[in-house]
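Asks: Mind looking over this structure? Questions follow.
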Amino acid sequence: MSKLNKLKYVGYSTLALMLMTLPMMAQAGAEGAADNKFTVNAAKAIGAGVGFGIAAGFAGIGQGLVGRGATEGVARNPGAAGTVQTIMIIALALIESLVLFALLIVFVVIGGVSTQ
């Protein structure tokens, strides 16, 4: 048996043991339901924040790539600077609108979170 197969079996065994412990984590009773609601709301808030961070980060990368492409285009053909600048501004506005849309989704998700 190769080392990779042994590692695969150990990984699958660990996953099976982890899945078998899930019923142990189940909550019962009224106090468990209240705590579960708090946990779900906290997970929603954390997920929304992490998701928006990822969206904003990749949007920043995209805007940097658009700026780099525009400057390279102007460097190759200075006569087309006005056209390149117009196209760049439109592309940056579309990228920014996607970030604002992601922010709107975060507000909708967080708006559904109730505090007690």
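Asks: Who wins for biggest fluctuation among A42, A16, A81 in a Gaussian network model of the chain, springs between alpha carbons below 10 Å?
Replies: A16
Asks: Given the rule -39500 (n - 2.57) for each run of at least 4 DSSP H residues, summed and divided by the residues of the chain, what is its mean residue ellipticity at 222 nm, to the nearest 500 deg cm²/dmol?
Replies: That calculation yields -30500 deg cm²/dmol at 222 nm.
Asks: Right, here's the next one. Report the normalised scattering of segment 27-111 as log10 I(q)/I(0) at q = 0.13, 0.17 Å⁻¹, calculated by the Debye formula with identical scatterers on the alpha carbons.
Replies: Here log10 of I(q) over I(0) equals -0.58, -0.76.
Asks: Could you work out the relative contact order of the chain? I mean the mean sequence separation of Cα pairs under 8 Å and 6+ apart, divided by the number of residues, in percent.
Replies: This gives 34 percent for the chain.
Asks: Oh, and also: With contacts defined as alpha carbon pairs under 8 Å and 6 or more residues apart, what's the relative contact order of segment 53-116 in percent? Walk me through the numbers before you get to the answer.
Replies: On the way: 21 pairs, mean separation 25.0, N = 64.
It comes to 39 percent, rounded to a whole number.
Asks: Once the dipole of the chain is set up with Lys and Arg at +1 and Asp and Glu at -1 on Cβ about the Cα centre, which of I90, A48, G64 lies farthest towards its positive end?
Replies: Farthest towards the positive end: G64.
Rule-based calculations on the coordinates, nothing more; no lab input. Bear in mind that the values here come from a model prediction, so they are computed numbers and not experimental data. Note that each Cβ is placed from the backbone with ideal geometry, even for glycine, and that neighbours are counted across all protein chains shown.
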